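Step one of this worksheet: look at the structure below.
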Amino acid sequence: MNSVLLGDTRDIHHHGCEAVLHQLVAGLTSVGLPPSTVLNGMEWEPYGDTCLCAPLVVINGEGALHHARPVVESVLSLAEKRRAAGLPTALVNASWFANTPEQTRRLASFDLIALRDGASRCTVRAEGIVSLDAPDLAIRQAMQWRVAHPDTVTAAPPSVSDSTRPEITRKLRAFAARRGWKYLPVLYPPAAPRPGAKSRKIWRKLRLARMLGPLTRWVFSPRYHAHLAGVADMDAYCAALSRHRGALAGRFHTVCFCLGLRIPLVALASNTPKIESLLTDAGLDTARRMVNLDPLTAIPPFSEAEATGLERFLASAEQEYIALFHRLRLLVAPVEAAS
């Protein structure tokens, strides 16, 4: 029995997205549901027959489903059409913020929902929607890396990530240079383009940037500077992140990697409360961990309470990942029996 995986976000060349897709494919395969098709983005209409007829569609929501954006309506309509046809649909690895109450209630058309932060789960449960607990799968990737590399030496000054917002990325890069900290974006330079318009655009920009050399900083958005400065390999990224005594995170997935690698961090707010919510879930003190740039001089180590809370969170997360893939397998049991 195969599945269709919708929501491949690797076209932005981002280690967090790479980690999530790696874990989703591996997890589905481990329970006998290897994806026969992995579709870029969440706009399913161009792949109508594939998405409407597959025995199981799994949607990787990540951070796209907020503020009633058009993609929210798109994934809801897919679940409703498949429910009418008697076929199961799952929404996993998702946050859910600032959508309408009606849209939240329509999540009932999904046969399984797994949300990656506590605030999102509270939002949907307030409208009577049941969801599983399972934090972002990039955390599992980082946890597995740490198990495989237990002797990594952590001695270098803190690292600084990029942000989803170019103007914040510019400030973060300047902050890193001013402090002598390592600028370590979660974006990376692609070796080749991936399917999707975003990837082709990044590929063209980076080729031109290499020709322009130092002039690049005056021509391109900091978003593309981050791609140029990033570490190309995900394992090398985890290794680089682990060598630093702490991290200033401007992105949700940088936070995820830091948690899985057990690296002390502070973070800037994102476009939704997903970072604050994840830190709370992980047992960390948001009063110490959510910061502004200007007064920041150091990354505080984990307190004893934070360290204990984080270990408890990570142990629980692994059990939640196992349960998630087991539950996904159970969704196709009636389909298998009927066939």
### Summary
Per the charge dipole of the chain (beta-carbon charges, Lys/Arg positive, Asp/Glu negative, Cα centre), the residue among 292, 94, 258 reaching farthest to the positive end is 292
## Note on the structure
Taking the chain and counting helices only, DSSP H stretches of n ≥ 4 at -39,500 (n - 2.57) each over all residues, the nearest-500 ellipticity at 222 nm comes to -15000 deg cm²/dmol
### Message
Quick check on the exposure proxy: order 96, 181 from fewest to most C-beta atoms within 10 angstrom.
### Response
181, 96
### Task
Give me the aspartates and glutamates in straight-line cross-link reach of residue 205: C-alpha distance below 17 Å, same-chain residues under 8 apart excluded.
11
### FRET efficiency, 1/(1 + (r/R0)^6) with R0 25 Å, evaluated for residue 262 and residue 322 via beta carbons
0.75
### Percent antiparallel among DSSP beta bridges (both partners in the chain, rounded to 5)
5
### Query
Which value, in debye to the nearest 20, describes the size of the charge dipole of segment 140-316 about its Cα centre when Lys and Arg Cβ atoms bear +1, Asp and Glu Cβ atoms bear -1, and nothing else is charged?
1080
## Note on the structure
Most exposed to least, judged by fewest other Cβ atoms within 10 Å, 100, 152 sort to 100, 152
### Query
Can you pull the Kirkwood radius for segment 124-173, inverse mean 1/r over Cα pairs, to one decimal in Å?
15.0
#### Entry: Whole-angstrom gap from segment 260-306 to segment 31-66, using each part's C-alpha centre
33
### Table column - 3J(HN,Hα) (Hz), segment 174-191, Karplus curve with 6.51, -1.76, 1.60, x for Gly and Pro
5, 4, 4, 5, 5, 8, x, 8, 7, 7, 9, x, 7, 6, 9, x, x, 7
## Note on the structure
Here FRET efficiency (C-beta to C-beta, residue 102 to residue 229, R₀ 35 Å, nearest 0.05) is 0.25
## Note on the structure
In nm, the gap between the two label points placed 7 Å beyond Cα toward Cβ at residue 192 and residue 236 is 1.7
### Query
What percent does the relative contact order of the chain come to when contacts are Cα pairs within less than 8 Å and at least six residues apart?
18
### Query
Using modelled backbone amide H atoms (1.01 Å from N, in-plane), which distant-in-sequence or interchain residues come within less than 5 Å of residue 163's amide H?
169
### Summary
Computed over the chain, the distribution of all Cα-Cα distances in 20 Å bins, rounded to whole %, is 31, 58, 11, 0
### Query
Which order, highest average first, do 245-254, 168-177, 9-18 follow once you tally other Cβ atoms within 10 Å for each residue and take the mean per peptide?
245-254, 9-18, 168-177
### Summary
Ranked on Cβ counts within 10 Å of their own Cβ, fewest leading, 262, 329, 210, 140 go 210, 262, 329, 140
### Query
How large is the charge dipole for segment 98-145, taken about the Cα centre, if only the Cβ atoms of Lys, Arg (+1) and Asp, Glu (-1) carry charge, to the nearest 20 debye?
20
### Query
How many Å³ per residue does the convex hull of the Cα positions in segment 140-316 occupy?
131
### Query
Going by the alpha-carbon gyration tensor, a ≥ b ≥ c the square roots of its eigenvalues, is segment 13-54 rounded (a/c under 1.5) or, if a/c is not under 1.5, prolate (a/b greater than b/c) versus oblate?
oblate
### Message
Under 26 Å between alpha carbons, and skipping anything fewer than 8 positions from residue 201 in its own chain: which lysines qualify?
### Response
171
### Query
With all pairs of different alpha carbon atoms counted, what Kirkwood hydrodynamic radius in Å does segment 1-151 show?
15.7
### Query
Relative to the compact globular guide of 2.2 N^0.38 Å, what is the alpha carbon radius of gyration of segment 1-85, as a ratio?
1.07
### Message
Using amide H atoms built in the peptide plane, which far-off residues or other-chain residues are under 5 Å from residue 132 H to H?
### Response
113, 114, 115
### Message
Residues of segment 82-115 with the amide nitrogen closer than 14 Å to a label point 7 Å from the Cα of residue 164, along Cα-to-Cβ, please.
### Response
94-99
#### Entry: Descending principal axes extents, segment 209-306, alpha-carbon based, whole Å
50, 28, 25
### Task
Please give, to one decimal in nm, the separation of the simple spin-label points placed at residue 204 and residue 127, each 7 Å out from Cα toward the Cβ.
3.8
### Estimated dipole of segment 261-318 in Debye, rounded to 20 [Cβ of Lys and Arg +1, of Asp and Glu -1, Cα centre]
100
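Readers should treat all values here as calculations from the given coordinates under stated rules, not as data from a laboratory. Everything numeric in this text was worked out from a predicted model, so none of it was measured. When we count neighbours, we look across all protein chains shown, and the Cβ atoms used for this are built from the backbone with ideal geometry, even at glycine.
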